[in-house]
Amino acid sequence: QNEINEVPFFDVQLPYELALKIFQYLGKAELGRCAQVSRTWKILAEDEVLWYRLCQEEGYLLDMSISDHSCWKLALKNCRAREHMLKTNWKNRVGAVSQLHYEPGRVLCDVHCCDGVVMAGYSSGEVKLWDTRTWDYRAPVLAAVPGPGGAGALPHVCFVRINSSLAVAAHEDGTVSVWSLLLGQEPIHHFQHNQHLQALALAPGGAAVATASGFQVRLESPDDRGFWQTPGIFEIQKLVNFLNLVPDVRGSPVAVAAAEDIVYLLKAEAPGRILHSVYGQPVTCLDVAAHEAAFGIKTFGWLLNEPNQILLYNLETNQCVTKVGNSMGDFSCVNLHSSPPNMLVAGNKDRRVRVFDLRRGEAVCCVQGHQLGVCSVQMDEWKVVSGGEEGLLCVWDQRMATKLWEMHARHPVRHVWFDSHILITANIPEEKNPRGSSITEDDPSLHRKYRGVIYSYDFSVDQLAVDSVLPICRSSYDEVSGYSYNIGLAVPYDSI
């Protein structure tokens, strides 16, 4: 028989292409069993087309073609081994931790991350970028546009936002600057507000910017030729507390704004529409996904039958889809856009972190480990990362509802971002001008106390050198005395 062109299926001879179509319905374990039947079946079960398809179905190496690897079975094995190693490193806090340093005399004001690129604004008015993917911590400074006062010291930065292509910063005097991450350090667009900004939003995957100043919400976006324009200016009856742009919107940008107890849906070239409004129930947090918006509402003592909740609205029908939560404390943060499908994670001032299943409308996980309220949260399929007002960073196992480990710093953890192997946290101080102007270069101890800090944790296997172990794990029993500042162990030294 011709074992190259025809494959024996018991008493039937099939062409190789037809046999390959049958084998494509098998998984990894079934292909391994089939490879033990005969030499012909082994050749068929290890065909590159089958293993390339399995690799793509599991989400590995999506940007590669079938000709980029000579053995896709080995490539899938290496990807699964790396994923297992990263998960083990996350659980055991094995990896490298670094601080993103900056010059003394400056206080951290705001931080935002996108795909490992960190953007930070300071009280000196400077805006810096770090690329943690390449471990190049020489942060370039983005050139800012002078405010109405002309030359001189810049006012401190109040908001920064970054996505895959743009970076936006807003200063205290109402100046907003936009940079392109591909064109250099000079801004490509800037505009001015007459008053202080309450909120700034940048579309996650687009080029739209939204700002809220006073009772006005302004949308900015470039046209087809790249010229920036203002497709919409909206007058709001109350001061805006939270502002988000809806991702993955074709055409004109769409924003969701929360002003005290009213939530607005703002579409360019259309009047603002009220999405939700209940008198006496102010909005405490807001997050927006592609088709839904989630926000927490605060009730008062006489409504004992309706405790504080999180409402989920469909942005296409403008209807409330579900209500989750049953807490006496205020929901202080919510993360919908980066959570798994049909899941939502929220932090509360009652020091608890809750994970909700939106299909069932109830909490599937509730953990408590902070001393003060929770101010930042993010989750994936198996873990939750939360930051508290007291400066405590906690990593939780969602299925077991247990704390894996924690780290502590002086200021509140205002920003948390992570992917499979990198974790970025930002401890941002409340006071931007401590003790007047006494925080200067000649007093490094005072600077370290008030400055705030950005931490970058890398759990990838490529960084597991001897000198990359976390400082907390470098102690030994031979030392007479140890340095115990900011140490909060979840396990004893014997386990380390």
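The values are calculated or read from the model by the stated rules, or taken from the named source; none is laboratory data. As the structure is a computational prediction, the values presented were derived from the model and not from experiment. Here the Cβ is made from the backbone with ideal geometry for all residues, glycine too, and neighbour counts use every protein chain on show. The area values use the complete protein model at the heavy-atom level, side chains included, leaving out ligands, DNA and RNA. Shrake-Rupley method; radii C 1.70, N 1.55, O 1.52, S 1.80 Å.
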Exercise for the section: Hand me the list of strands (runs of 3 or more DSSP E) wholly inside segment 150-195 holding 1 or more residues that are buried (at least 22 other Cβ atoms within 10 Å of the Cβ) and under 19 Å from the mean Cα position of the chain (by Cα). Expected result: 157-162, 166-171
Exercise for the section: Select, from V345, V364, V374, the only residue that is crowded, with 24+ Cβ neighbours inside 10 Å and either among the charged types (D, E, K, R) or farther than 24 Å from G59 by Cα (or both). Expected result: V374
Practice task
Can you give me the number of residues within segment 228-257 that are touching a His at 6+ places or on another chain (Cβ under 9 Å) and either surrounded by fewer than 23 Cβ atoms within 10 Å (Cβ to Cβ) or part of a strand (DSSP E or B) (or both)?
Solution key: 4
Problem - Residue satisfying all of: in segment 323-335; surrounded by fewer than 19 Cβ atoms within 10 Å (Cβ to Cβ) and free of Cβ contacts under 8 Å to residues at least 40 places away in the same chain; farthest from D357 (Cα to Cα) among these - result: M328
Exercise for the section: Check whether at least one residue in segment 436-456 is at pLDDT 90 or above and assigned to a loop (DSSP other than H, G, I, E, B), and report yes or no. Expected result: no
Fill in the blank from the handout: Those residues of segment 414-431 which are open to solvent by 10 Å² or more (accessible area, probe 1.4 Å), part of a strand (DSSP E or B) and closer than 11 Å to G452 by Cβ amount to R414, H415
Exercise for the section: Among what's in segment 387-407 and is more than 17 Å from P429 (Cα to Cα) and part of a loop (DSSP other than H, G, I, E, B), pick the residue that is most open to solvent (accessible area, probe 1.4 Å). Expected result: R399
Problem - Among the candidates R352, R359, residue that is farther than 24 Å from D261 by Cα, out of contact with any Lys or Arg (no Cβ under 8 Å at 6 or more places or on another chain) and not aromatic (F, W, Y) - result: R359
Practice task
Tally the residues that are without any contact (Cβ under 8 Å) to a residue 24 or more places away in the chain and outside any strand (DSSP E or B), restricting the search to segment 212-227.
Solution key: 5
Completion exercise
Selection from segment 61-77 of residues open to solvent by less than 90 Å² (accessible area, probe 1.4 Å) and either within 22 Å of G95 (Cα to Cα) or not in a helix (DSSP H, G or I) (or both) yields L61, M64, S65, H69, C71
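Given the criterion charged (D, E, K, R), closer than 14 Å to G388 by Cα, surrounded by fewer than 19 Cβ atoms within 10 Å (Cβ to Cβ) and out of contact with any Phe, Trp or Tyr (no Cβ under 9 Å at 6 or more places or on another chain), identify the matching residue among D357, D350. Break it down into steps so the answer makes sense when it comes.
On the way: D357 fails: closer than 14 Å to G388 by Cα.
Only one candidate qualifies: D350.
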Handout entry: Residue check, I236 assigned by the TED database to the domain that holds Q195 and in contact (Cβ under 8 Å) with a residue 24 or more places away in the chain
Key = yes
